[in-house]
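Read the figures in this text as sums done on the coordinates, not as results from a lab. These numbers were taken from a predicted model, which means no experiment stands behind them. Don't worry about glycine lacking a Cβ; one is built from the backbone with ideal geometry, like all the others, and counts go over all protein chains shown.
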Amino acid sequence: MNSFEASTTTIDDWRVRLGVGVTGLWLLLGIIYTSSIVGWGEFVRQQAPDLGEFLGGAFDLWLSCGLWSYFCEYRRWSANSPA
């Protein structure tokens, strides 16, 4: 393994760990919010459209962050590629 592969693997490892950690924190905060504000009894009794709106709002921000990260990486790859 050359030094480029080693440094790339190290970068990927910390990014994956950071992503998993932030995802875990996001899910934990969602559980805390549901427990303290909404309550699990009320959450379970939600109609399908209301539940979908709640989950959509919870994951829209996460999807936006993921897409932003992807496009930043894509721009970096495009700038570094010989074309």
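The gain in end-to-end length when the I31 to A79 segment is fully stretched comes to 13.3 nm, 0.36 nm per residue minus the alpha carbon separation. For the range 16-37, the residues whose amide N sits under 20 Å from a probe point set 7 Å from the Cα of L51 along the beta carbon direction are 27-28, 30-37. For the range 14-24, backbone phi angles converted through the Karplus equation (6.51, -1.76, 1.60; θ = phi - 60°) give residue-by-residue couplings of 6, 5, 5, 4, 5, x, 5, x, 5, 4, x Hz, Gly and Pro being listed as x.
Counting 0.36 nm for each residue step from W40 to V20 and taking away their Cα separation leaves a gain of 4.7 nm.
Fewest neighbouring Cβ atoms within 10 Å first, the residues T34, T23 line up as T23, T34.
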